[in-house]
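Read-outs throughout are calculated quantities, based only on the coordinates presented, and are distinct from any laboratory measurement. Model, not experiment: these values are computed from the prediction. Neighbour counts run over all protein chains shown; Cβ positions are idealised from the backbone, glycine included.
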């Protein structure tokens, strides 16, 4: 009987590139400009990341290039959600409803990043993509994130 061994290094292979984007643009405007500058057609979707209090939604745009087997994702990093809490105490302001706003992050170690562009199975030149992103007005910065800097890699699995 043959014995097969699997090594953990076989599963630890990184097959995506991650570009951080700093901009004041709304997500739909950024997706529109990326569709113009890059050979992609991003379409809206959303993902849900469970937290302790609430399940916030992050906007996600995706494009599956079946011809080249490349998957593109534009993901929102910051989201603000409001939780309503009822305050029941014996004071002047009894039975008041409080709204508490909380800001959550897809990748908390990159709190200043507004969006991520994740490209899976890419054979493309990532620097050409980055140069095309830099030509979009109102993008303050865009850069490649090294995989060893990402601590919460599980949030990038969709």
Checklist entry - Residues of segment 139-158 being in a loop (DSSP other than H, G, I, E, B), exposed (fewer than 13 other Cβ atoms within 10 Å of the Cβ) and either touching a residue at least 12 places away in the same chain (Cβ under 8 Å) or in contact with a helix residue (DSSP H, G or I) (Cβ under 6 Å, 6 or more places away or on another chain) (or both), which ones? => result 151, 158
Next on the checklist: For segment 110-126, which positions are under 12 Å from residue 20 (Cα atoms) and outside any strand (DSSP E or B)?
Outcome noted: 110, 111, 112, 113, 114
Next on the checklist: Quick check on this structure: which one of 136, 129 is part of a helix (DSSP H, G or I) and surrounded by 18 or more Cβ atoms within 10 Å (Cβ to Cβ)?
Outcome noted: 129
